[in-house]
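Single-structure report; data block below.
The values are calculated or read from the model by the stated rules, or taken from the named source; none is laboratory data. On a predicted model such as this, the values are computed, not experimentally measured, just so you know. Neighbour counts are summed over all protein chains in view; Cβ atoms, including those assigned to glycine, are modelled from backbone coordinates with ideal geometry.
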Amino acid sequence: MKKRFQKLLAIGLAVACVFSLAACTSGESSSSGGSTAAKKETSAGSGKIGVAMPTKDLQRWNQDGENMKKELEAAGYEVDLQYASNDVATQVSQIENMISGGCEALVIASIDGESLGTPLQSAKEAGIQVIAYDRLIMNSDAVSYYATFDNYMVGTKQGEYLEEALDLKNAAGPFNIEIFTGDPGDNNAKFFYGGAMDVLQPYVDSGKLVVQSGQVDFASVATADWSTEKAQARMDAIIASNYADKNIDAVLCSNDSTSLGVENSLEANYNGEWPIITGQDCDVANTKNLIAGKQAMDIFKDTRDLAKQTVSMVDAIMGGGTAETNDNETYDNGTGVIPSYLCEPVVVTTDNYKEMLLDSGYYTEDDLK
């Protein structure tokens, strides 16, 4: 099933690696500069690295950005970290400023994976290598590497959790389920959705799982900007139209911002038995809901591990070498397959959250009060 999904997803995607380095700028102010096409001599542990993050509105990106900055600075690099308030034009401008301001490599978590062709072409011409961080940058041959978690596995783990929690292999059913995934411009959302639906679709097809809203295909269940408010508004409408006299047995949510919106809506509008709800990222609010029994599971993606792996990639390219990868087949961005390193996500429940989140130092007990 995974191969079938990946083949479908790979149509029209691809990436070629670019290896050389040059200039980039500090974030907020734009600056003009002469030609940066001449390659600079670089070395691991020195130089300026541009880190472009999508927004400060979601907890996880604050953690990603700070983890990245901390790890890069510890390795000896100067860091230009910028957040773009989920505005594509702002991110484009920030990356352009990085290119003209002396950065010698770029780490980019894109807002819209299709929107960065022009600035990344400039990076390529300047000899600046680009690492796509967590979100694949599409249709650009300027991307050298991709560092992420196994996003298909995230969806698979969510689907398998629901399969087991509802005992779908043995129970007669039917069970009512609703589906929420992420922003349609985020390539990861397709992997999350695909991994989960490869587990759950057979039960939908057989009638054991029933989507009362009728909203099943990716376009229908996508949530623009991964917005909590938009997920909540959609769940409000679903409850009003379909669940006045029915229970919702489960809600597949691809991440915590969407599951938080669903949970807020249920608290305000729903009188039935509380459903099994999935999530991803282990945000503070959702972890509190997990402890309180409002969210059944979460997916923990330890961004400290991803930051360390990305710094290792930066070190490799700054030293003129080849970065370690563990997946050279899956992620095709429209110009070729991007060499990728995939970290493994972990299921978190009330049974293991203390071990995974507290004992590991990711949170303190005070964070979760």
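Worth pointing out:
- The requirement of being of a type outside the set (Gly, Ala, Ser) and at pLDDT 95 or above is satisfied by LEU106.
- ALA123 small (Gly, Ala, Ser), over 23 Å from TYR193 (Cβ atoms) and assigned to a helix (DSSP H, G or I): yes
- Number of residues in segment 234-247 that are under 22 Å from the mean Cα position of the chain (by Cα) and surrounded by fewer than 13 Cβ atoms within 10 Å (Cβ to Cβ): the value is 0.
- Test for GLN212: is it modelled with pLDDT of 95 or more and within 25 Å of the chain's Cα centre (by Cα): no
- If the condition is being without any contact (Cβ under 8 Å) to a residue 24 or more places away in the chain and either in a helix (DSSP H, G or I) or within 24 Å of PRO345 (Cα to Cα) (or both), then segment 308-326 contributes SER312, GLU324, ASN326.
- Meets criteria (β-branched (Val, Ile, Thr) and free of Cβ contacts under 8 Å to residues at least 40 places away in the same chain) for THR364: yes
- Checked against (1) assigned to a loop (DSSP other than H, G, I, E, B); (2) within 17 Å of the chain's Cα centre (by Cα), ASP305 passes all but condition (1).
Conditions tested, residue by residue: (1) surrounded by 18 or more Cβ atoms within 10 Å (Cβ to Cβ); (2) modelled with pLDDT of 95 or more; (3) touching an Asp or Glu at 6+ places or on another chain (Cβ under 7 Å).
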position	(1), (2), (3)
THR118	no, no, no
TYR146	yes, yes, no
ASN151	yes, no, no
LEU166	yes, yes, yes
PRO184	no, no, no
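- Identification of strands (runs of 3 or more DSSP E) wholly contained in segment 141-256 with 3 or more residues that are touching a residue at least 12 places away in the same chain (Cβ under 8 Å), hydroxyl-bearing (Ser, Thr, Tyr) and closer than 30 Å to VAL314 by Cα yields 143-149.
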